[in-house]
1. Hey, could you get me the Stokes-Einstein D for segment 60-102, Kirkwood radius over alpha-carbon pairs, 25 °C and 0.890 mPa s, rounded to whole µm² s⁻¹?
2. Grab the DSSP H runs of the chain that are 4 residues or longer, score each as -39,500 (n - 2.57), total them, divide by all residues and round the 222 nm result to the nearest 500 deg cm²/dmol.
3. About its Cα centre, how strong a charge dipole does the chain have in debye, to the nearest 20, once Lys and Arg get +1 and Asp and Glu get -1 at the Cβ?
4. With a 1.4 Å probe and all protein chains left in place, how much of the accessible area of the chain comes from carbon and sulfur atoms, in whole percent?
5. Whole number in Å², please: accessible area per residue of the chain, 1.4 Å probe, ligands, DNA and RNA not counted.
6. If each Cα of segment 5-102 is one equal point scatterer, what is log10 of I(q)/I(0) from the Debye formula at q = 0.12, 0.13, 0.14 Å⁻¹?
7. Measure off 7 Å from each Cα along the Cα-to-Cβ vector at Thr56 and Phe71, then give the distance between these two points in nanometres to one decimal.
8. Might you work out the accessible area of Val50 for me, using a 1.4 Å probe with all protein chains in place, and round it to the nearest 10 Å²?
Amino acid sequence: MSKTWLQWTGLGVAPLAWALSTQLGQIMPYIDCRQNSSWSALLCGVLLVVSIAGLTAARTASHGMAQTRRFIVDAGFLIALAFVFALVLQEAATMLLDACQR
């Protein structure tokens, strides 16, 4: 993967992972309650790991570049941090609440 694509992962990966987690969070509790499993917590955890990987990939690609590009990478890093925090809160909610109570 080229360094240009890695610079944009902070702006793309974490928001997409959060959106996917939010949409599947509306569907998965019904499946979890019916099957007596915790697929939604597992799915949210996987998406959290993916968003953290995108965050670190964007951060490592920012070394030795022009200031304008560096600003985009840093802004993407901060945006990705906000979405990672939202995913952490969603993961905590799926771990604390029973699927049949949601």
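1. Values: Rh = 12.6 Å.
Estimated via Stokes-Einstein, D reaches 195 µm²/s.
2. On the way: 4 runs with 84 residues, N = 102.
About -28500 deg cm²/dmol.
3. Numbers: 6 positive and 4 negative charges, 71 e Å.
That gives a dipole near 340 debye.
4. Details: 4540 of 6450 Å².
That fraction is 70 percent.
5. Values: 6450 Å² over 102 residues.
Here the per-residue accessible area is 63 Å².
6. Log-scaled intensity ratios, in q order: -0.42, -0.48, -0.53.
7. That separation, rounded to one decimal, is 3.0 nm.
8. 70 Å²
The values are calculated or read from the model by the stated rules, or taken from the named source; none is laboratory data. Here the structure is a predicted model, which means the values were calculated and not measured. All Cβ positions, glycine included, derive from the backbone under ideal geometry; neighbour counts span all protein chains shown. Note: areas computed on protein heavy atoms with side chains; ligands, DNA, RNA excluded. Shrake-Rupley method; radii C 1.70, N 1.55, O 1.52, S 1.80 Å.
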